[in-house]
Amino acid sequence: MTVVIETESRPVRLGRRPQPRPSGVSRALSSHARSTRAVAGSLALAAVLGVGMAAPADARDGGEYPSKSDVKKAREAVTQGEADVASVRAELALAAQRLEAAQIEAAKAAEKYNGALYRAQQARKDAKAAQKAADDAADELEARRASYVDVVTASYQMAPELSTLGALADAGQSSADTSSTDDATSTGIDDSSLLTGSSTGDSGLDTLLSTMATVQSTREAMDRKVQEITATSTVAKVTARQATRAAERAARLAAKARTARDAAQAAQDSAAAEASSVAQRRDALIARLAVLQKTSVRVARERQEALEAEARREARQAARQAAREAARKAARQAARQKAAAQAAAQAAQSSSSSSSSSGSSSSSSSSSGSSSSSSSSSGSSSSSSSGGSSTSASGVAAVLAFARAQIGEPYVWAAAGPDSWDCSGLTMMAWAQAGVSLAHYTVAQYEETTHISMSQLQPGDLLFWGTSSDPSSIYHVAIYAGNGMMIHAPHTGDVVKEVSMYEWTLPNFFGRP
């Protein structure tokens with residue numbers, strides 16, 4: 001019986017054929033032992049993969065068994081099997097990339113919502129302040145109007161007397177006109193009481209002048225009140241308009257925040273769906289690997305996970321090496337700049353010394369002062385370049401202790417504790433333990449920190465990830481824990497963890513609260 005294996009689309013058929021002579025078979029096997037072993041393996045693989053193979057040449061036709069054609073086709077089948085393994089692994093990598101891309105989009109959407117919420121909160125604060133200013137201006141306007149009413153009322157009550165005094169002043173009279181006695185009496189004003197004095201009449205004139213001054217002062221006071229009311233009314237109108245605009249802006253930003261919230265939820269749902277799809281596809285691909293590698297699914301999974309772990313380890317090493325090289329480059333650049341500054345200072349000092357030869361002592365003193373100043377400047381520059389921070393060591397320890405206490409708690413977008421966190425919510429609350437206030441928004445947190453470089457990192461510093469060199473593109477933040485480690489809330493479906501800062505793509509922004 002000879003088994004003939006054909007293509008997968010046709011069933012395997014069994015056919016009876018003449019048996020070759022034993023002596024011929026022995027000669028064929030002895031001359032092609034290695035080829036026979038290769039074909040045997042290839043036939044087994046072909047049976048698993050469903051790859052068809054042609055029937056061996058008929059011994060009666062003088063062909064050898066297996067033929068060269070058989071060996072070639074078997075080797076091609078093996079090669080095809082290896083290519084399938086590579087393609088499966090490539091698809092696994094692509095699936096992981098799709099999942100990571102979905103997670104990044106979800107993180108960006110979540111931080112966009114945090115930003116919209118942050119701006120809406122700021123707008124509400126501005127609107128509240130503007131409304132208070134408008135209310136204060138309105139109260140002041142009302143008070144000034146009430147004061148003006150009091151002045152007008154007093155002026156009205158004094159009107160008869162003030163009118164008479166004004167008439168007297170306009171006429172230039174120095175004594176009362178007897179003909180006006182009846183009129184004055186009818187108004188209740190006794191002119192003699194105003195003009196009576198010594199024999200020379202000086203006292204009466206003084207009283208008249210004093211009263212006229214009062215009249216003038218009253219008029220001026222009323223004019224000032226009118227001007228104050230006009231100015232206060234203008235301020236009240238302006239502040240009222242500002243309050244209205246601030247309230248409208250707050251309403252618009254609140255609406256944008258709600259839209260951003262819905263978009264963030266949609267992005268989270270999409271990432272969760274992608275994660276489920278990738279997980280299912282991964283299981284199917286690993287099962288395919290198990291078939292191709294002729295092993296169990298468990299072993300295939302362990303092999304794949306080991307390969308992926310090794311790839312991550314190599315990626316971390318490469319990222320760490322790149323970071324070290326960047327730090328060395330930055331250090332060399334800083335050293336060159338420092339040397340250039342020192343050379344310029346020495347040249348300036350030498351020039352100053354040669355131009356003032358008669359005042360060598362003074363020059364020496366000046367040089368010493370310049371050197372001291374240069375040293376101070378250098379120290380200041382060094383302090384500045386190291387990203388000096390006023391936070392104490394105990395404060396940083398409190399930050400890290402708080403962050404580590406949250407390890408294992410789930411990521412929930414827009415959450416800031418107590419049992420779930422997003423990235424900026426965790427950093428905000430961790431730094432609150434040191435008395436430092438940060439916004440619940442990655443971009444704002446970067447703006448609120450002292451910007452430093454990777455080579456200047458110290459425990460407690462913040463690591464930021466952005467999609468470009470523009471800080472407005474920042475979408476993720478973590479706390480640097482020292483020794484190349486970081487604490488962060490990664491993404492939906494994950495938990496707060498402490499991992500290598502090289503575990504993922506390298507951060508491209510750094511800040512010290």
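Residue pairs whose Cβ atoms lie under 7 Å apart, separated by 6 or more positions or on different chains, with the first residue in segment 115-133 and farther than 24 Å from W413 by Cβ and the second open to solvent by 80 Å² or more (accessible area, probe 1.4 Å) and in a helix (DSSP H, G or I), are A130/Q242.
Okay, residues lined up against (1) more than 20 Å from Y502 (Cβ to Cβ); (2) modelled with pLDDT of 95 or more; (3) touching a Cys at 6+ places or on another chain (Cβ under 6 Å):
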{"position": "S424", "(1), (2), (3)": "yes, yes, no"}
{"position": "V443", "(1), (2), (3)": "yes, yes, no"}
{"position": "S468", "(1), (2), (3)": "yes, no, no"}
{"position": "I487", "(1), (2), (3)": "no, yes, no"}
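When A86, A110, A120 are screened for being modelled with pLDDT under 90 and either surrounded by fewer than 14 Cβ atoms within 10 Å (Cβ to Cβ) or in a helix (DSSP H, G or I) (or both), only A86 passes.
Taking first residues from segment 439-468 that are open to solvent by 10 Å² or more (accessible area, probe 1.4 Å) and partners that are at pLDDT 95 or above and assigned to a loop (DSSP other than H, G, I, E, B), the Cβ contacts under 6 Å between residues at least 6 apart in sequence or on separate chains come to E448/L438; T449/P513. Checked against the criterion of being open to solvent by 50 Å² or more (accessible area, probe 1.4 Å) and modelled with pLDDT of 95 or more, the candidates E503, E498 yield just one match: E498.
Output the residue which, of all residues in segment 304-330 that are modelled with pLDDT under 85 and in contact with a helix residue (DSSP H, G or I) (Cβ under 7 Å, 6 or more places away or on another chain), is farthest from M486 (Cα to Cα). It comes out as A330. Of all residues in segment 229-251, those being surrounded by 14 or more Cβ atoms within 10 Å (Cβ to Cβ) and either touching a strand residue (DSSP E or B) at 6+ places or on another chain (Cβ under 8 Å) or charged (D, E, K, R) (or both) number 2. Among the residues of this structure, D283 does not count as one that is out of contact with any strand residue (DSSP E or B) (no Cβ under 6 Å at 6 or more places or on another chain), part of a helix (DSSP H, G or I) and closer than 17 Å to K108 by Cα. Evaluation of M486 against the conditions (1) open to solvent by 10 Å² or more (accessible area, probe 1.4 Å); (2) free of Cβ contacts under 8 Å to residues at least 24 places away in the same chain; (3) hydrophobic (A, V, I, L, M, F, W, C) shows that the sole unmet condition is (1).
The values are calculated or read from the model by the stated rules, or taken from the named source; none is laboratory data. Because the structure is predicted, anything quoted here is derived from the model rather than measured. So basically every Cβ, Gly included, is an ideal-geometry build from the backbone, and we count neighbours across all protein chains shown. These accessible areas exclude ligands, DNA and RNA; they are computed on the full protein's heavy atoms, side chains included. Shrake-Rupley method; radii C 1.70, N 1.55, O 1.52, S 1.80 Å.
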